[in-house]
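The values are calculated or read from the model by the stated rules, or taken from the named source; none is laboratory data. Predicted model, so just to flag it, every value in this text is computed and none were measured. Cβ atoms come from the backbone with ideal geometry, glycine included; neighbour counts cover every protein chain shown.
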Amino acid sequence: MIREIVNIDEQLCDGCGDCVPACAEGAIQIIDGKARLISDLFCDGLGACLGYCPQGAITIEMREAAPYNERLVMETIVKGGEEVIKAHLNHLRDHGEHEYFSQAIDYLNEIGMSYVISELAESKSELVCGCQGSQSKEIVRQESIEANGVRYSQLRQWPVQLHLVSPLANYFKYSDLLLTADCVPFAYADFHNDFLINKSLAIACPKLDTNKQVYLNKLVMMINDSNIKSITVLIMQVPCCSGLMQMAQQAIELSKRKIPLRVNVISIEGEVLQDVEINI
């Protein structure tokens with residue numbers, strides 16, 4: 001397949017090795033005094049190593065390469081111990097590679113290392129890559145939604161898109177999750193006051209977003225591992241939006257815990273058409 005992958009210029013490389021620990025997949029090693037990409041299977045093409053080469057010898061190119069294989073990577077990663085595993089998972093999470101993240105979690109569960117998953121959510125260590133746009137952040141808000149004529153946002157986290165959020169982020173722990181179609185906040189005027197206040201948030205488009213299985217896996221992890229207390233689903237009245245409600249139902253059915261599910265349907269005019277609790 002044609003994909004992005006690391007290219008190392010041997011003429012520029014001086015073998016310093018700074019790129020080796022920066023590669024969370026262990027795809028680069030120093031061999032015969034030069035940095036080498038040991039296998040296409042191990043390189044995800046995200047380029048976390050680029051900024052660590054003082055000679056500028058590492059670039060990203062498009063070429064024919066074997067598909068990245070997360071399972072093979074994990075077989076190597078686990079040999080490095082818990083800190084290496086956490087660094088790799090942080091790397092995947094902060095680049096939005098949640099399909100690979102889910103595969104890595106599945107592998108850890110299979111080999112009896114699920115405890116590392118819980119430790120990851122609590123880890124305060126510095127992340128391997130600096131992707132600030134997708135790094136988890138909790139936001140402290142005022143108790144009141146409005147004071148002195150000023151209305152305050154009730155968003156308590158970043159990021160919010162279901163593709164980008166980590167299901168193990170601290171802001172999901174023991175929270176009430178608001179799962180909303182991304183059109184809803186534009187249609188419903190009092191979204192923050194009536195729905196978002198005191199809730200964690202994940203937004204998605206059940207029609208346009210791809211790879212729904214990753215979304216489903218993440219919701220199951222929120223229920224099982226982050227112990228969310230409930231899910232409130234907000235969808236528009238259009239037929240394609242019902243997929244988000246069905247995804248929440250399926251996640252609860254597949255999880256080890258059964259939690260309350262509430263569904264609100266919003267009209268294009270911005271009115272609540274339906275507010276029901278679904279028994280699963």
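Laid out as a table, the results:
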quantity	calculated
Subset of the stretch 247-276 that is among the small types (Gly, Ala, Ser) and buried (at least 16 other Cβ atoms within 10 Å of the Cβ) - its residue that is farthest from the chain's Cα centre (by Cα)	Ser255
Qualifying residue in the stretch 249-266 (condition: among the hydroxyl-bearing types (Ser, Thr, Tyr), modelled with pLDDT of 90 or more, out of contact with any Cys (no Cβ under 7 Å at 6 or more places or on another chain) and not assigned by TED's automatic domain parsing to the domain that holds Asn109)	yes
Filter pass, Ser200 being within 19 Å of Ile139 (Cβ to Cβ) and out of contact with any strand residue (DSSP E or B) (no Cβ under 9 Å at 6 or more places or on another chain)	no
Scope the stretch 234-259; condition in contact with a Ser or Thr (Cβ under 7 Å, 6 or more places away or on another chain) and under 17 Å from Leu201 (Cβ atoms); matching residues	Leu234, Ile235, Ile259
Qualifying positions in the stretch 36-92 - charged (D, E, K, R) and farther than 21 Å from Ser166 by Cβ	Arg36, Asp40, Glu61, Arg63, Glu64, Glu75, Lys79
Of all residues in the stretch 199-221 being under 13 Å from the mean Cα position of the chain (by Cα) and among the small types (Gly, Ala, Ser), the one that is farthest from Val165 (Cα to Cα)	Ala204
The stretch 222-240 - residue that is surrounded by fewer than 22 Cβ atoms within 10 Å (Cβ to Cβ) and assigned to a helix (DSSP H, G or I) and, of those, nearest to the chain's Cα centre (by Cα)	Asn224
Residues satisfying the stated conditions in the stretch 13-47, i.e. out of contact with any Gly (no Cβ under 9 Å at 6 or more places or on another chain), surrounded by fewer than 21 Cβ atoms within 10 Å (Cβ to Cβ) and either assigned to a loop (DSSP other than H, G, I, E, B) or in the same structural domain as Lys86 (by TED's automatic domain parsing) (or both)	Cys16, Gly17, Asp18, Ser39, Gly45, Gly47
Residue in the stretch 71-79 that is out of contact with any Gly (no Cβ under 8 Å at 6 or more places or on another chain), within 15 Å of Leu168 (Cβ to Cβ), among the charged types (D, E, K, R) and at pLDDT below 85 present	no
Residues being touching a residue at least 60 places away in the same chain (Cβ under 8 Å) and either surrounded by 18 or more Cβ atoms within 10 Å (Cβ to Cβ) or not aliphatic (A, V, I, L, M) (or both) - total across the stretch 181-212	5
Complete set of residues in the stretch 156-198 that are assigned to a loop (DSSP other than H, G, I, E, B) and aliphatic (A, V, I, L, M)	Val160, Leu162, Leu164, Val165, Leu168, Ala169, Ala189, Ile197
Subset of the stretch 199-221 [among the polar types (S, T, N, Q), closer than 21 Å to Arg156 by Cα and either outside the structural domain of Gln246 (by TED's automatic domain parsing) or in a helix (DSSP H, G or I) (or both)]	none
